[in-house]
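J.: Structure incoming, see below.
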Amino acid sequence: MKRVCVYCGSSDGKKDAYKAAARELGRAMLEKGLGLVYGGAQIGIMGEIANTVMDGGGEVIGIMPKSLADREIYHTGLTRLEIVDSMHERKAMMAELSDGFIALPGGLGTIEEIFEVLTWAQLGFHRKPCALLNAIGYYDNLCAFLNHTVIEGFVNTASRAMLMTESDPRVLLERFENYQAPVVNKWIDKENT
Ligand code: AMP
């Protein structure tokens, strides 16, 4: 495992603990020599983790679509910054350059991005680990909802289990290193035939 993609908020969130979680994940990645791939912004939780990894001498690759380069204020001090034509290109490049995916606390963009790579894992398009970094219980309600999707028969247990959830970044990165992707039959009805 060489690089991890971290999706995270372009906002700071209301509690300092969210920014602290970004710094902690950055430090844990530095300890393991893992590079960071992220959206390329200077702002919010995104800027926090990028600065931590850069300051610690690690590799940071930022990928920003042209249309957002002004609004999200692209980071000028990264190892490598890619300005791409579209959001789709951004997400494809982030996925391609990374060996695993983590969502720190964030908003709609963060949630969309982690669920996209999770659905690709479910379909077997890649075999890389996906996770929520559940700082101060930020994702508790989302996890409860995901359990509900299994109970109600829309997501199978193996697909649900593909989204790891940890509050300690070091424990999470250990799990990433030992991860073996399961073979999942996405279509629930066919499981029992
Ligand atoms: P947010 O979590 O909404 O603060 O956004 C975090 C990052 O996700 C930002 O870099 C956004 O540009 C990005 N983002 C926002 N909407 C989307 C989307 N539909 N697909 C992919 N990324 C998005």
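The values are calculated or read from the model by the stated rules, or taken from the named source; none is laboratory data. These numbers come from a predicted model, not from an experiment. Neighbour counts are summed over all protein chains in view; Cβ atoms, including those assigned to glycine, are modelled from backbone coordinates with ideal geometry. Just the protein is used for accessible areas: all its heavy atoms, side chains included, with ligands, DNA and RNA removed. Shrake-Rupley method; radii C 1.70, N 1.55, O 1.52, S 1.80 Å.
J.: Regarding the stretch 76-89, can at least one residue be identified that is at pLDDT 95 or above, β-branched (Val, Ile, Thr) and touching a Phe, Trp or Tyr at 6+ places or on another chain (Cβ under 9 Å)?
T.: yes
J.: While we're here: Please give the helices (runs of 4 or more DSSP H) falling wholly within the stretch 77-193 in which 1 or more residues are touching a Lys or Arg at 6+ places or on another chain (Cβ under 7 Å) and free of Cβ contacts under 8 Å to residues at least 60 places away in the same chain.
T.: Working: elements: 87-97, 108-122, 140-151, 157-161, 169-177, 188-191.
Hits in the stretch 77-193: 108-122, 140-151, 157-161.
J.: Let me ask something else. From Val84, Val117, grab the single residue that is of a type in the set (Val, Ile, Thr) and surrounded by fewer than 21 Cβ atoms within 10 Å (Cβ to Cβ). I'd like the intermediate steps shown before the answer.
T.: Values: Val117 fails: surrounded by fewer than 21 Cβ atoms within 10 Å (Cβ to Cβ).
Exactly one residue qualifies, and that residue is Val84.
J.: Filter the stretch 94-113 for residues that are more than 10 Å from the ligand (Cβ to nearest atom) and either open to solvent by less than 50 Å² (accessible area, probe 1.4 Å) or more than 17 Å from Gly40 (Cβ to Cβ) (or both) and give the result. Walk me through it before giving the result.
T.: Restricting attention to the stretch 94-113, the residues satisfying the condition of being more than 10 Å from the ligand (Cβ to nearest atom) are 95-102.
Residues satisfying the conditions are Ala95, Leu97, Ser98, Asp99, Gly100, Phe101, Ile102.
J.: Okay, next question. Anything in the stretch 40-73 that is open to solvent by 60 Å² or more (accessible area, probe 1.4 Å), of a type outside the set (Lys, Arg), within 13 Å of the ligand (Cβ to nearest atom) and more than 19 Å from the chain's Cα centre (by Cα)? List them, or say none. First the steps, then the outcome.
T.: Kept after step one, since they are open to solvent by 60 Å² or more (accessible area, probe 1.4 Å), are these residues of the stretch 40-73: 42, 51, 55, 57, 59, 66-67, 70-71, 73.
Next cut, of a type outside the set (Lys, Arg) only: 42, 51, 55, 57, 59, 67, 70, 73.
Next, only the ones that are within 13 Å of the ligand (Cβ to nearest atom) stay: 42, 67, 70, 73.
Across the stretch 40-73, the qualifying residues are Ser67, Asp70, Ile73.
J.: Inside the stretch 9-41, can you point out the residues that are in a loop (DSSP other than H, G, I, E, B), farther than 17 Å from Arg175 by Cβ and in contact with a strand residue (DSSP E or B) (Cβ under 7 Å, 6 or more places away or on another chain)?
T.: Listed by number, the residues that qualify are Ser10, Gly39, Gly40.
J.: When only residues in the stretch 1-31 that are away from the ligand (no atom under 16 Å from the Cβ) and open to solvent by 70 Å² or more (accessible area, probe 1.4 Å) count, which is farthest from Leu97 (Cα to Cα)?
T.: Result: Asp16.
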